Amino acid sequence: MPWSLTFADALPPQRHSLWTLVKQAGVTAAVVTIPDGPDHPPVWDYMHLLSLKRRFADDGLDLQVIESAPYSLIESIKIGGPDRDEKIGHFCELIDNMGRVGISVMCHNFMAVHGPLRTSFTIPSRGGALVMGYNHTHMANAPLTPYGEVTADRIWENMEIFLKRVVPVAEKAGVKLAVHPDDPPWSPIRGVDRILISPDALQRVIDMVPSPNNGITFAREPSPP
């Protein structure tokens, strides 16, 4: 199977000066988070996605990747909340409508409760730039979250339920699911386990529901101290 490479960047969903700058650097495709909130339609709404796709296309960029589903949709799926099955249904609608408007990749994650986590956004780096990072020594004595202890077994169980319902929809829609490794790859954090912190764990996701549409996101993550 031939490989293809697209030069893309994570961009804000509304027109922004960054759109112009990245095109000058050769970027042709966009990665974006769907706008979510009381002033927006549901994130899975067809017209909402079509508007997002066309906004980038009108500016010369091809929106190819959603990263990731908003917290309001995905969090209950990860922890197995009482509305988990309803939220999975809406996630399936999202994947179906992504396929209909031509957004071909969903970069999702299964980082329960915390999501991607940083302890600082002001670390001095090369050339005086400020970068973000995670240092577990600052979190080692932190209290449990309101969710209490969330075990790896519980998260894996919800992952399997999720994939078994969503992957067939993704296959039909022509959308690739690419799960993001846990960031940072440290477990547990405040009583919440992280599951995607090793190559074996990523292989487990692939083996759980084997399909060309069930894959992983290749991402370089910082090593914990």
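Across bins of 10 angstrom width beginning at 0, how are the C-alpha pair distances of the range 71-134 distributed, in whole percent?
Values per bin, smallest distances first: 18, 32, 24, 19, 6.
Can you list the equivalent-ellipsoid semi-axes of the range 132-225, largest first and in whole Å, using the square root of 5 times each Cα gyration tensor eigenvalue?
Details: eigenvalues 155, 50, 21 Å².
For the range 132-225, the ellipsoid semi-axes come out as 28, 16, 10 Å.
Which loop-located GluC sites (Glu not before Pro) does the range 138-225 contain, where loop means any DSSP state but H, G, I, E or B and the Cβ has at most 15 other Cβ atoms within 10 Å?
149
For the range 1-91, what is Rg from Cα atoms divided by 2.2 N^0.38 Å, rounded to two decimals? Intermediate values should be presented prior to the final figure.
Details: Rg = 15.3 Å, N = 91, 2.2 N^0.38 = 12.2 Å.
In units of the 2.2 N^0.38 Å rule of thumb, it is 1.25.
Nearest 500 deg cm²/dmol is fine: what mean residue ellipticity at 222 nm does the chain get from its DSSP H runs of n ≥ 4 alone, each adding -39,500 (n - 2.57), divided by its residue count?
Counting only the DSSP helices, I get -11500 deg cm²/dmol.
Report, in debye and to the nearest 20, how large the dipole of the range 27-174 comes out about its Cα centre when Lys and Arg carry +1 and Asp and Glu carry -1 on their Cβ.
Rounded to the nearest 20 debye, it is 340 debye.
Suppose every K and R has +1 on its Cβ and every D and E has -1 on its Cβ; what is the size of the dipole of the range 122-225 about the Cα centre, in Debye to the nearest 20?
320 debye
Could you state the principal axis extents of the C-alpha atoms in the chain, from the largest down, to the nearest angstrom?
Extents along the principal axes: 49, 47, 43 Å.
Could you line up 85, 193, 153 from fewest to most neighbouring Cβ atoms inside 10 Å?
Numbers: 85 13, 193 19, 153 10.
Listing 85, 193, 153 from fewest to most nearby Cβ atoms yields 153, 85, 193.
Between their Cα atoms, which of 87/164; 78/176; 23/176; 23/172 are more than 21 Å away from each other?
Values: 87/164 14 Å; 78/176 19 Å; 23/176 25 Å; 23/172 32 Å.
From the list (87/164; 78/176; 23/176; 23/172), the Cα-Cα distance tops 21 Å for 23/176; 23/172.
Extending each Cα 7 Å along its Cβ direction at residue 140 and residue 21, get the distance between those two points in nm, one decimal.
3.8 nm
Taken together, the values in this text are just the output of simple stated rules run on the coordinates, not laboratory data. If you're wondering where the values come from, they're calculated on a predicted model, not measured in any experiment. Please note: Cβ atoms are built from the backbone with ideal geometry, for glycine as well, and neighbour counts cover all protein chains shown.
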